[in-house]
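Reviewing the structure listed below.
Each value in this text was obtained by applying a stated rule to the coordinates, not by laboratory testing. Here the structure is a predicted model, which means the values were calculated and not measured. Reconstructed Cβ throughout: ideal geometry from the backbone, glycine too, with neighbour counts over all protein chains shown.
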Ligand SMILES: N[C@@H](CCC(=O)N[C@@H](CS)C(=O)NCC(=O)O)C(=O)O
């Protein structure tokens, strides 16, 4: 029997974070798919917020992706995905919080916005992305990963959002910002990892998932590639 049972939904970026960590650590796990539109009663018992992902390990259930990532680190410390240096650890936690408290809400607003709300929502998301790139990724290290030469939890926290950018970009007036060389270097390094290759979905599939899960109407959605440029 697998050590871990993961309750998630295929298209959840938060669930993808946990799948990436499990694969990176080589932990055997069982995937139980949850239909978010029709959650089973028992799931509401194990998930206090009714959200995925949740894991079961031994006799405990742990929920919330970043809490799960740190839990996995405590229980399966090797290979390490949390830096040893306290300064880098603090950077990791600061940018993890930024991802969930600032970037994710801006992404959801941009996907859901309609009519006159679309331009300010796209502008806000652009600002958030530029902030992540200039104040986060570019300042934390020279790469290829967020915190330097070694992959860390922070890479797993951000990658699922960036995988979805082409699907988000296609619905935006004026598109999203041209991404920097540093960001492109990071994304290229991430895409080479077998864990990413095993969990990734196409931009078209993500665009369909937005429609299905977020209930957004996207008649004009055209899926393209995000351009990477400003240095
Ligand atoms: N902060 C949570 C967010 C999880 C989350 O928003 N999950 C979404 C799927 S992407 C969900 O389960 N939504 C179902 C619902 O809200 O009913 C985490 O990091 O795990």
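Using the count of nearby Cβ atoms within 10 Å as a rough guide to exposure, how do 66, 49 rank from fewest to most?
By the 10 Å Cβ count, ascending, the order reads 49, 66.
Grouping the Cα pair distances of segment 86-214 into 10 Å bins from zero gives a pair-distance distribution of 12, 43, 35, 9, 0 percent in increasing distance order. Relative contact order of the chain, taken over Cα pairs closer than 8 Å and 6 or more residues apart, is 20 percent. Dimensions of the chain from C-alpha coordinates, computed as largest minus smallest value along each principal axis and given longest first, are 49, 43, 27 Å. Ordering 65, 152 by the number of other Cβ atoms within 10 Å of each residue's own Cβ, fewest first, gives 152, 65. Here the residues 55, 34, 153, ranked from fewest to most Cβ neighbours within 10 Å of their Cβ, fall in the order 34, 55, 153.
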